[in-house]
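Enquirer: Before I ask anything, here is the structure I am working with.
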Amino acid sequence: MNSDYSMGWMVLFLAIAVIAYFIPNWIACARKHHNANLIFVTNLLLGWVVALIWSLTVVKIETSKNAEKRSKLKLKPRSSVINLSNDNDLYLIEWKCNKCGESSEGQFSECWQCGASRF
């Protein structure tokens, strides 16, 4: 009976130790670190201290150029008539059909729902 009791404590201690060992990975994920996957591998292979220091380093901030590109991709105009300086920009945005109101990707010139022309 005594060995079963000590075995239970040993399993509990082992579970807590495994959870504590991966704290650097949790920190990296919570901070949305750009190298979170590599921190996990480092934690697994090289050790806890190296991964902990790396997970606490500065998180890479998105540059304004990348942010501008992403905002263009998420832009949803209210009308189907768009004045853009570059014809290639038509493929970056979605448009809304004036007839049925369905959203379509910028690469298509006709509504997939009702067949109405974009222009």
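The values are calculated or read from the model by the stated rules, or taken from the named source; none is laboratory data. This is a predicted model, so every value here is computed, not measured. Methodologically, a virtual Cβ is constructed for each residue, glycine included, from the backbone with ideal geometry; neighbour enumeration extends over all protein chains shown.
Enquirer: How many residues does segment 4-40 hold that are surrounded by fewer than 13 Cβ atoms within 10 Å (Cβ to Cβ) and assigned to a helix (DSSP H, G or I)?
Expert: Counting residues in segment 4-40 that are surrounded by fewer than 13 Cβ atoms within 10 Å (Cβ to Cβ) and assigned to a helix (DSSP H, G or I) gives 19.
Enquirer: Given the structure, is S85 at pLDDT below 55 and either outside the structural domain of W26 (by TED's automatic domain parsing) or over 30 Å from I23 (Cβ atoms) (or both)?
Expert: yes
Enquirer: Pairs please, first residue from segment 9-26 and in the same structural domain as V50 (by TED's automatic domain parsing) and on the phi < 0 side of the Ramachandran plot, second anywhere and surrounded by 10 or more Cβ atoms within 10 Å (Cβ to Cβ) and outside any helix (DSSP H, G or I), Cβ atoms under 8 Å, 6+ apart in sequence or on different chains.
Expert: Partner pairs satisfying both residue conditions: none exist.
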